[in-house]
Amino acid sequence: MKFSYKILLCSIITMAAAFGIGGYFFVNDVFRASLEREIGQALDDSSILKFAFETAALNIPSKYDVLQNSVIEEIGSNLENRGQGAGRLLRLSDEDRKVLYASEGFVEDTVLLADIEEQTQAYQIIHPDRRYYIQTGIQVNALDRVLYLETMRDVTEVYAERTRGFAVYRGLTLLILVCSSVVMYLFSQWLTKPIRLLTQAAKRMTAGDYGCRADQISTDEMGQLTMDFNHMAQVVEENIRKLEEEVRAREDFIAAFSHELKTPLTAVIGYADLLRSRKLDDEKHFLSANYIYTEGKRLETMSLRLLDIIVTKRYQHEPQMVDAAVLFDYLEDLYRERDGVSVQIRYASGRILAEENLLKSVLLNLTDNAVKASEPGSEVIVLGEKRKDGYYFSVKDHGVGIPPEECRKITEAFYMVDKSRSRSHNGAGLGLALCVEILKLHGSTLEIESTPGEGSCFGFLIPWELQSFMEAGER
């Protein structure tokens, strides 16, 4: 059953129960008030009849010392005739509770008669022949005689009004329930609309439309639920996009790795086959062996770089305080006698929290790339400066530069902007990928600024705080 129908059904049941219980108590309360009013009037009539009877008995001629039964019947008949049209019946009984006079239609029930006591009024409700009566009883003292006066007051209409009240209330309740059902149906559809929108959005996401979002049509709890769902959908979409990018990157990595293996292996196999299949002169023999050696070194360099990347991702490194001068002196020793390209190193003294060998690898890769990208006679500038949030390293060259669309891709494994130039320097496109992984361990990222024809600048910031390094290692 739909949630909207559940709301509708629960509302109808609740309203029906509320109207039913409320109607029962309301109609019965009105009925009790009417019945109590009738009882009061019946008791008042009984008192009035008693007074009238005693007055009539006093007006009897004095020749009677004792009130005769015949006189009692006469007085009773007169009292009945005076009360015609009032729906009232009466009965008179003597000291022995023997009936002396009774109106036509008075019930023969004597239960109330036996309960009448001096100075008290008794009453009961009787139900003979599908009609309702209030029967009252009172003691009468007249001329030394003790009599018992009973009356019957017809209250059938009071009970009939209760029956009509229940019928009218049932009809009114049914009409209200029908009208309210229509209104509650519209309300339930309105209240459950956010749920339907969320269901539709969830189905579309299940079908693969991860960009789908549910429309927020309220600001209440359902609106908050919609906001949370959309936030969750955004997170799911971002995670799926990241997974797809990782899968695509792995496929590209495998394709690039296969391609990079194919080229040197083809040369190695070709020249090796040439050496074993025929006898060559010394010059050709040297050239063939040199090709095999050169391509073998390329494969060795590539495998070592891949191993470095894997180890960097998995190995837990311990940070230590490192003097920046140690890093820059290491570079200066390597590039002191470099022909063609001048490497200028300028830095500010300072101590940083880092893994020394890994940072040396980063600076070496960046400097080596800058030298390879520069023309003979140009210079590469390596800078180190203190900043508020850390120590900043940068390597700037005045070489060929990198197109803007390539800057985002050059940190991917095996990606090379100029493949022929990179291979001529035994490059495999793994240096920057290794740098990125090392910088992640240090809580840093590689910043790239480049202009084609003017040069490039690669920089990164090593934070001062130990926490940044440790959080990066945990990631």
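The values are calculated or read from the model by the stated rules, or taken from the named source; none is laboratory data. Keep in mind the model is a prediction, meaning the values are calculated, not measured. All Cβ positions, even for glycine, are placed from backbone atoms using ideal geometry, and neighbour counts span all protein chains on display. Ligands, DNA and RNA are excluded from the accessible area calculation, which covers all protein heavy atoms including side chains. Shrake-Rupley method; radii C 1.70, N 1.55, O 1.52, S 1.80 Å.
Remarks
- Whichever residue in the stretch 171-214 is among the aromatic types (Phe, Trp, Tyr) and in a helix (DSSP H, G or I) and, among such residues, is surrounded by the fewest Cβ atoms within 10 Å (Cβ to Cβ): 190
- If the condition is being without any contact (Cβ under 8 Å) to a residue 24 or more places away in the chain and in contact with a helix residue (DSSP H, G or I) (Cβ under 8 Å, 6 or more places away or on another chain), then the stretch 203-227 contributes 212, 213, 214, 215, 216.
- Condition met for residue 228 (open to solvent by 60 Å² or more (accessible area, probe 1.4 Å), within 14 Å of the chain's Cα centre (by Cα) and modelled with pLDDT of 85 or more): yes
Listed here are the residues, each with its yes/no results for (1) among the charged types (D, E, K, R); (2) farther than 23 Å from residue 60 by Cα; (3) touching a Lys or Arg at 6+ places or on another chain (Cβ under 8 Å).
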{"position": "77", "(1), (2), (3)": "no, no, no"}
{"position": "82", "(1), (2), (3)": "yes, no, no"}
{"position": "95", "(1), (2), (3)": "yes, no, yes"}
{"position": "101", "(1), (2), (3)": "no, no, yes"}
{"position": "129", "(1), (2), (3)": "yes, yes, no"}
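- Beta carbons closer than 6 Å, at least 6 apart along the sequence or on distinct chains, pair a first residue in the stretch 137-163 that is assigned to a helix (DSSP H, G or I) with a second that is of a type in the set (D, E, K, R) and open to solvent by 20 Å² or more (accessible area, probe 1.4 Å) for 156/131; 158/38.
Listed here are the residues, each with its yes/no results for (1) of a type in the set (Gly, Ala, Ser); (2) at pLDDT 80 or above; (3) open to solvent by 20 Å² or more (accessible area, probe 1.4 Å); (4) not in a strand (DSSP E or B).
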{"site": "380", "(1), (2), (3), (4)": "no, yes, no, no"}
{"site": "386", "(1), (2), (3), (4)": "no, yes, yes, no"}
{"site": "399", "(1), (2), (3), (4)": "yes, yes, no, yes"}
{"site": "405", "(1), (2), (3), (4)": "no, no, yes, yes"}
{"site": "413", "(1), (2), (3), (4)": "yes, no, yes, yes"}
{"site": "450", "(1), (2), (3), (4)": "yes, yes, yes, no"}
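- Residue 52 vs. criteria of a type outside the set (Lys, Arg) and under 30 Å from residue 195 (Cα atoms): no
- Cβ pairs under 6 Å, 6+ apart, first in the stretch 96-118 and on the phi < 0 side of the Ramachandran plot and part of a loop (DSSP other than H, G, I, E, B), second open to solvent by less than 90 Å² (accessible area, probe 1.4 Å) and aromatic (Phe, Trp, Tyr): 116/148
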